[in-house]
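Written below as structure tokens is the structure these notes are about.
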Amino acid sequence: MTSILLNALQYLGYILIFPGFLFCFVCGMLLCGIDRKLVARMQKRVGPPILQPFYDFFKLCGKETIIPDAASRTTFLAAPLVGLAALVVIQLFVPIHGFSAFYGMADVIVILYLLLIPALASILGAAASGSPYAGIGLSREMVTIISCELPLVLILLAIAKTVGNALGTGLCFSLSAIADYQLVHGSLITKARMIPAAIAMLLVIPGETGNHPFDAAEAETEICEGMLAEYSGGPLAVFKLSHAVKMLTLTSLFVALFLGGVGTGITAVDGVVVFILCVIVTAVSISFVHAVTARLKIEQIFKYYWTVVSGLALVSLVLAWYGL
Amino acid sequence: MFKKLIEESTAKSPWLFHINSGSCNGCDIELVAILTPRYDVERLGFKLAGSPRQADIVVVTGPITKQSLPRVLRSISQVPEPRCIVTMGSCPQSGNVFKGSYSVAGPLSKYVHVDVDIAGCAPKPEAIIDGLALATQILKEKRGQM
């Protein structure tokens, strides 16, 4: 009886504190702040303080929440929470070095589906707000999702084939098996055939999080923030938080898939190591790309992902398939 | 404690929404100039918001033409509380060189309560930053009274 209770308490701790909600909140916001600071420094500006996303979040919590007359109230308010919950769930499955809160319960296919939920939630929220700007934004967001999905699937297939070949099981989609493989054989990024896939994944990250130059869906200068046009106060704060957590989720997924096997075995230390690696991945894939590019048009995003990025991922997949 | 946190955060993260009510574009360029590396108001937490729903401070430029008046008032009424209204340049305060024109409905203070006026044609970036910093203090007080 007590053991069941302790187990339940342990899982509650996983969900609410580490690596669940609290960890996501603090680390995601910090990552977002570091990203803004890095972009500012690259543009020769002083930049906001690293804690700026926290200030933004608490300020938005204290603002009036306006619900438009044309909006469908329940969907409008529930959508941001659903998106955030899905992201926290992903964080529970992504292994940190050897440690995973729900070990062996999910594979990369589950993550692929869970990654869609935040985007779908924001599309639902935008559709429920009844604003024409949100309508344009959500149609662009749909195209962005479709663009990112193909290269992401190809990357995951390439990883699954590489790990599966080594384990002799054909395709291996289990996240814990991928983590264990890297503990024994070293990080996947050190394999020459995985380098194109890693570059492709670095290019997928800004698309998935909706960062520059792939932020046509939230273009604040042309379509009034797009999907977020009608959001204010608390729900907007949750959307901003979701964006920050999404950055953490995708970068930590990159770390788990390509930079695994770096760590000490002590979970607390590994958490810090993974966060530092996340910061480096963010600096390369989000901040640097943000600082040097301008916003792409939606058809350019689609073309870019389905030719260049998918091509890179395909190279890795073919090499992995023939075991080169 | 939570109330205090929100109040402090409100002063540190003011988002601007910019309305052009028939301005000559001089003030609009100066407003964007304060976001450039030389002045960089993002270090104080300022950010240009794309939608009035997400803004804290409304910056109005231009002499409020008759055509733009209903749109300006509608945009301002969509900004959630606590909000702060700042006029930028001489036009929305007095009409400037457009005063007396058949098409000008200003000044803005006839229609809404204006918190801060930034004078000048166009104001210097230092003056704009000073005015906006004053507006954040007013914003914090308004949040405290809520």
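The values are calculated or read from the model by the stated rules, or taken from the named source; none is laboratory data. If you're wondering where the values come from, they're calculated on a predicted model, not measured in any experiment. Glycine gets a Cβ as well: all are built from the backbone with ideal geometry, and neighbour counts include every protein chain shown.
Inspection of the stretch A:71-90 identifies no residue that is of a type in the set (D, E, K, R), touching a Pro at 6+ places or on another chain (Cβ under 6 Å) and surrounded by fewer than 22 Cβ atoms within 10 Å (Cβ to Cβ).
Considering only residues of the stretch A:51-64 that are more than 7 Å from chain B (Cβ to nearest Cβ) and surrounded by 17 or more Cβ atoms within 10 Å (Cβ to Cβ), which is farthest from A:L31 (Cα to Cα)? So that I can check it myself, show each step before the final result.
At the first step, the residues of the stretch A:51-64 found to be more than 7 Å from chain B (Cβ to nearest Cβ) are A:51, A:53-54, A:57, A:60.
Adding the requirement that they be surrounded by 17 or more Cβ atoms within 10 Å (Cβ to Cβ) leaves A:53-54, A:57, A:60.
Numbers: A:P53: 9, A:F54: 11, A:F57: 14, A:L60: 19 Å.
Taking the candidates together, the pick is A:L60.
I need the full set of residues from the stretch A:194-223 which are of a type outside the set (G, A, S), farther than 23 Å from A:I90 by Cα, part of a loop (DSSP other than H, G, I, E, B) and touching a residue at least 12 places away in the same chain (Cβ under 8 Å), in order please. Of everything in the stretch A:194-223, those that are of a type outside the set (G, A, S), farther than 23 Å from A:I90 by Cα, part of a loop (DSSP other than H, G, I, E, B) and touching a residue at least 12 places away in the same chain (Cβ under 8 Å) turn out to be A:H212, A:P213, A:I223.
Taken over the stretch B:22-49, the residue count meeting the criterion of being part of a loop (DSSP other than H, G, I, E, B) and more than 14 Å from the chain's Cα centre (by Cα) is 10. The set of residues from the stretch A:162-180 being of a type outside the set (V, I, T) and either in contact (Cβ under 8 Å) with a residue 24 or more places away in the chain or not in a helix (DSSP H, G or I) (or both) comprises A:N165, A:G168, A:G170, A:L171, A:C172, A:F173, A:S174, A:L175, A:S176, A:A179, A:D180.
Residues in the stretch A:31-50 that are touching a residue at least 60 places away in the same chain (Cβ under 8 Å) and more than 10 Å from chain B (Cβ to nearest Cβ) were compared, and the one that is surrounded by the most Cβ atoms within 10 Å (Cβ to Cβ) is A:C32.
Just one residue in the set A:I50, A:I34, A:I90, A:I67 is closer than 30 Å to A:H185 by Cβ and of a type in the set (V, I, T); that residue is A:I90. Is it true that B:I6 is at pLDDT 90 or above and not polar (S, T, N, Q)? No; evaluated as a whole, the condition is false for this residue. Taking the criterion of being touching a helix residue (DSSP H, G or I) at 6+ places or on another chain (Cβ under 8 Å) and assigned to a loop (DSSP other than H, G, I, E, B), the residues of the stretch B:1-21 that qualify are B:S13, B:P14, B:S21. Restricting attention to the stretch B:36-46 and to residues that are facing chain A (nearest Cβ under 8 Å) and of a type in the set (D, E, K, R), the residue that is surrounded by the fewest Cβ atoms within 10 Å (Cβ to Cβ) turns out to be B:R43. Being in a helix (DSSP H, G or I) and either charged (D, E, K, R) or over 14 Å from the mean Cα position of the chain (by Cα) (or both) is the filter here; which residues of the stretch B:90-124 pass it? Listed by number, the residues that qualify are B:S94, B:N96, B:V97, B:F98, B:K110.
Every listed requirement among (1) at pLDDT below 90; (2) within 23 Å of A:Y133 (Cα to Cα) is met by B:F17 save one, (1). Residues of the stretch A:10-47 that are part of a helix (DSSP H, G or I) and polar (S, T, N, Q): A:Q10 alone. Return a yes/no flag: does the stretch A:71-86 have any residue that is of a type in the set (V, I, T) and either touching a strand residue (DSSP E or B) at 6+ places or on another chain (Cβ under 7 Å) or not in a helix (DSSP H, G or I) (or both). Looking through the stretch A:71-86, none of the residues is of a type in the set (V, I, T) and either touching a strand residue (DSSP E or B) at 6+ places or on another chain (Cβ under 7 Å) or not in a helix (DSSP H, G or I) (or both).
Is it the case that the stretch A:35-57 has a residue that's at pLDDT below 90, closer than 22 Å to B:W15 by Cα and hydroxyl-bearing (S, T, Y)? Checked the stretch A:35-57: no residue is at pLDDT below 90, closer than 22 Å to B:W15 by Cα and hydroxyl-bearing (S, T, Y).
From the list A:L138, A:L152, A:L115, exactly one residue is touching a residue at least 12 places away in the same chain (Cβ under 8 Å), over 23 Å from A:Y231 (Cβ atoms) and assigned to a helix (DSSP H, G or I). Which is it? Give the steps one after another, and end with the answer.
Numbers: A:L138 fails: over 23 Å from A:Y231 (Cβ atoms); A:L115 fails: over 23 Å from A:Y231 (Cβ atoms).
The conditions single out A:L152.
In the stretch A:181-193 there is no residue that is within 18 Å of the chain's Cα centre (by Cα) and either assigned to a helix (DSSP H, G or I) or over 22 Å from A:S287 (Cα atoms) (or both). Restricting the first member to the stretch B:9-29 and to residues that are away from every other protein chain (no Cβ under 11 Å) and farther than 15 Å from A:F57 by Cβ, and the second to residues that are of a type in the set (F, W, Y) and surrounded by fewer than 18 Cβ atoms within 10 Å (Cβ to Cβ), no beta-carbon pair is closer than 8 Å while six or more apart or on different chains.
Could you tell me which of the residues B:A33, B:A55 is more than 11 Å from every other protein chain (Cβ to nearest Cβ), under 30 Å from A:A291 (Cα atoms), among the hydrophobic types (A, V, I, L, M, F, W, C) and touching a residue at least 12 places away in the same chain (Cβ under 8 Å)?
The conditions single out B:A33.
Against the criterion of being within 12 Å of another protein chain (Cβ to nearest Cβ), more than 20 Å from B:E141 (Cβ to Cβ), in contact (Cβ under 8 Å) with a residue 12 or more places away in the chain and of a type in the set (D, E, K, R), B:R83 does not qualify.
The residues of the stretch A:199-232 that are over 21 Å from A:L114 (Cα atoms) and more than 12 Å from chain B (Cβ to nearest Cβ), listed by number, are A:I199, A:H212, A:P213, A:A216.
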